[in-house]
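Take a look at the structure below.
The values are calculated or read from the model by the stated rules, or taken from the named source; none is laboratory data. For clarity, every value in this text was computed on a predicted model and none was experimentally measured. Backbone-built Cβ (ideal geometry, glycine too); neighbour counts: all protein chains shown.
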Amino acid sequence: MSDCLFCRIVAGEIPAKIVRRSADAVAFSDINPQAPVHVLVIPTAHIAAVRAAGGPDGERLLARTLTFAAEVARELGLDGGGYRIVTNTGPDAGQSVDHLHFHLLGGRKLRWPPG
């Protein structure tokens, strides 16, 4: 989608600090980190949010993206202390870019509830 910020990052049109890339997903540093490690993990295919990931194709996309996020967490050394993977769906939840993305947060003790 040509007007989607994250699709443009996937396409290399907008620079980002890429942490890891695969055919199915991209992980890059958040420009406004909320933890010592704050990486956004997105599918390379445009999908607006979790609620749009229905059916077998959507389920496979979610599984591949979450597996990719766990691999990134391991590579960043977060397995020992733990990490949080979170997604926001819709404006009331804080979704600011309409492209499915997971926040991978770690590197410190995280509080609950988050906000």
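Of note:
- Of all residues in segment 79-113, those satisfying the criterion of being among the small types (Gly, Ala, Ser) and farther than 16 Å from residue 31 by Cα are 80, 81, 82, 90, 93, 107.
- Look at (1) surrounded by 12 or more Cβ atoms within 10 Å (Cβ to Cβ); (2) at pLDDT below 95; (3) more than 23 Å from residue 2 (Cβ to Cβ); (4) of a type in the set (A, V, I, L, M, F, W, C) and you find that residue 39 fails only one, number (2).
- Any chance residue 49 is surrounded by 17 or more Cβ atoms within 10 Å (Cβ to Cβ) and either hydroxyl-bearing (Ser, Thr, Tyr) or in contact with a strand residue (DSSP E or B) (Cβ under 9 Å, 6 or more places away or on another chain) (or both): no
- Count of residues meeting criterion [surrounded by fewer than 17 Cβ atoms within 10 Å (Cβ to Cβ) and in a strand (DSSP E or B)] in segment 86-105: 1
- Residue list for segment 60-78, restricted to those being within 16 Å of residue 29 (Cβ to Cβ), in contact (Cβ under 8 Å) with a residue 40 or more places away in the chain and in contact with a Phe, Trp or Tyr (Cβ under 7 Å, 6 or more places away or on another chain): 69
- Residue among 108, 74, 64 that alone is surrounded by 13 or more Cβ atoms within 10 Å (Cβ to Cβ), out of contact with any helix residue (DSSP H, G or I) (no Cβ under 9 Å at 6 or more places or on another chain) and not in a strand (DSSP E or B): 64
- Boolean, residue 110 is of a type outside the set (Lys, Arg), touching a residue at least 60 places away in the same chain (Cβ under 8 Å) and touching a His at 6+ places or on another chain (Cβ under 8 Å): no
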